[in-house]
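Working notes for the structure below.
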Amino acid sequence: MRQYREGSHAVAEIVRLCKAQVISAYPITPQTHIVESLAQMVADGELNAEFINVESEHSAASVVQGASATGVRTYTATTSQGLLYMIEVLYSIAGLRLPVVLTCANRAVSSPINIWNDHQDSVTVRDAGWLQFYAENNQEACDLHLMAYRLAEDHEIMLPVMVCMDGYILTHAYEVVDLPEQSQVDKFLPDFKPVHCLNPDKPISMGVLMGPESYTETRYAIHQTMMDALNVIPGIADEFEQVFGRKVNCLIEKYRLEDATQVFVAMGSMVGTIKEMVDGLREDGQKVGLLKVIAHRPFPKKIVYEALKNAREIAVLEKAISLGEEGPLLSDVKSAFCGYGNQPKISGFVLGLGGRDITKKSIFEVQGALAGSQVDVKFIDLKI
Amino acid sequence: MKEIRIHARAGQGAITTAALLGTAAFLGGKYALAFPHFGAERMGAPMNAFVRLSDQVIRLRSQVYEPDYLIVLDPSLMRGFDVFEGFQPGGIAIINHHEKVQCPKPIQNIKVFTVPGNDIATEVLGRPIGNTTILGAFAAATNEFGLESLQQAILERFSGEVAKKNAEAARRGYEYITKGF
């Protein structure tokens, strides 16, 4: 049903519909509205789950790890410093092949302390073995959470999934979202059936020591699964469409790319602003388009290459930077072209850090810089 | 698309105001995007909330710099800075007025409605929280949504007496514009 909801509340509603059984989180802005809503639902008896209050994000991640290992559906949410504080457990969860779902309400990282939005937090943990999706709007954030549980618990995958939604810009934005019925969610997302789980009646050990003779194979297996997920995702997205009557993109979205010579590449909520720009530029007769990257991990390299191969000038816009190198997404896009002839110009732009507003003017500045030679890192809206 | 900028101080309910405005527009059949811009998160600090209204899905996520409509919940903000910055010709401003603060002189090509929202709210709610009254005035001045949609949004958001009284406060604000009292 179409409803007018705050992004955080809409996501909490989806988690309720997904019947998460154990939820643990430590409050940190701008994630708070999500977990406050869930705590309220549990307290009101609307969600039959255990909400476990903890003293830190490290514990929150540890709780969902342990709970997931017993074979129940789990949920946590965090951001920024909280996500960084979770890191060692995030790797562990992936290594244990536990289908935890986490919402990252994207926020900048310290220092200096900053509570506003960028992507540095989740991009920093992209190598932890979690599938990572970035939402453009709150409908997509909702839909990606439904996909997240389904994918995480798929026996072909069995990996944790992180859904990234821009802090404030999405979490605190009220907009129209189409929320599904319980019966639809139940049809799409059956009960979680673990492959292995901790059970006192049938004791097993998880996360045991694995030496040089076998550790490599565990990493290989996760990587191989990530690559396989690229093939599994479209089929599950089709099922999503059949059940919910709405298309869900999980890997990329192509926007006006047909014949486009100039292409913007971006993730998250700035994509909406860029789409507006692209429409305006198209009206002027300019051949511009947009490639929205939704899956940062696994990175759909071949699909990205196919979508971009006819472009002459590519602008990768991102809210994160690998300090001392370039934007991480830029590196990924460049690597997609590696080994092919006829290379386009692929320039990288860093913007929207720590909540700096991304306006149409920002995107104009990016476009203006495309005419020159390729740039690796250009900060947009820089005040120096 | 119409763009709205709300000026208030943190704690004065600008976010709730934006959410109610968006809900009323949604109930009236429009798309609406309402979002806050937080400052340093301390009570009393000047802050903005924004709303966009459209007949189509709203994709633009930047803040509002050139509003078509302005809502000033706390007129004391007008002492410090220019709330009219970027205001579009033909724009409509609703100012929650009280006598201690000098209201701006009418500017060419814009309509300024001063509404004693807090006074009306004190009468109706027993507390000087003029937000719903101002929204009633906004509905009447702009015709972006009807009073019924606004009252429905208020009844969905609040409960019991608070809901009823705020729906009444909205009507009073609406009639302050349409009937002049």
Taking GluC sites (Glu not before Pro) in a DSSP loop with at most 16 other Cβ atoms within 10 angstrom as exposed, one finds the longest site-free stretch of chain A at A:56-155
Scattering profile of segment B:2-178 from the Debye formula, Cα beads only, expressed as log10 I(q)/I(0) at q = 0.11 Å⁻¹, is -0.40
Contact order relative to length for segment A:2-244, counting C-alpha pairs under 8 Å separated by 6 or more residues, stands in percent at 23
Per its Cα gyration tensor (rounded if a/c is under 1.5, else prolate when a/b beats b/c, else oblate), segment A:2-244 is best filed as rounded
Restricted to the protein assembly as shown, the DSSP antiparallel beta bridge percent, nearest 5, is 35
Which of A:19/A:247; B:30/B:165; A:302/B:30; A:275/A:334 exceed 30 Å between C-alpha atoms? The answer is A:302/B:30
Heavy-atom accessible area of residue A:284, protein chains in place, probe 1.4 angstrom, given in Å² to nearest 10, is 110
With +1 at each Lys and Arg Cβ and -1 at each Asp and Glu Cβ, the charge dipole magnitude of segment A:252-379 around its Cα centre, to the nearest 20 debye, comes out at 180
Output for segment A:291-372: chymotrypsin sites (Phe, Trp or Tyr not before Pro) sitting in coil per DSSP, at most 15 other Cβ within 10 Å, listed by number, reads A:340
Percent antiparallel among DSSP beta bridges confined to chain B, nearest 5, equals 55
Of all DSSP beta bridges with both partners in segment A:2-244, the antiparallel percent, nearest 5, is 20
With 0.36 nm assigned to each residue of separation and the Cα-Cα distance removed, residue A:227 to residue A:376 gains 50.9 nm
Once all protein chains are kept in place, residue A:165 shows an accessible area at probe 1.4 Å, nearest 10 Å², of 0
Regression test value, accessible area per residue of chain B, probe 1.4 Å, units Å², expected 46
When all Cα-Cα pair distances of segment A:56-134 are considered, the percent exceeding 13 Å is 64
Helix A:328-337: inclination vs chain A longest Cα principal axis, degrees, rounded to 10, gives 70
GluC sites (Glu not before Pro) in segment B:51-136 lying in a DSSP loop, each with at most 11 other Cβ atoms within 10 Å of its Cβ, come to B:85, B:99
For residue A:287, the aspartates and glutamates lying under 13 Å Cα to Cα, once residues fewer than eight places off in the same chain are dropped, come out as A:258, A:259, A:279, A:313
For residue A:143 the rounded accessible area (nearest 10 Å², probe 1.4 Å, non-protein molecules ignored) is 10
Looking only at aspartates and glutamates whose Cα falls under 19 Å of residue B:111's and that sit 8 or more positions away or on another chain, we get B:3, B:66, B:68, B:74, B:82, B:85, B:144, B:175
Counting Lys and Arg as +1 and Asp and Glu as -1 over every other residue whose Cβ sits under 9 Å from the Cβ of residue A:84, the net charge comes to -2
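The values are calculated or read from the model by the stated rules, or taken from the named source; none is laboratory data. In this text the structure is predicted, and so the values were computed from the model without any measurement. Neighbour counts are summed over all protein chains in view; Cβ atoms, including those assigned to glycine, are modelled from backbone coordinates with ideal geometry. Just so you know, the surface numbers come from the protein's heavy atoms only, side chains and all, with ligands and any DNA or RNA stripped out. Shrake-Rupley method; radii C 1.70, N 1.55, O 1.52, S 1.80 Å.
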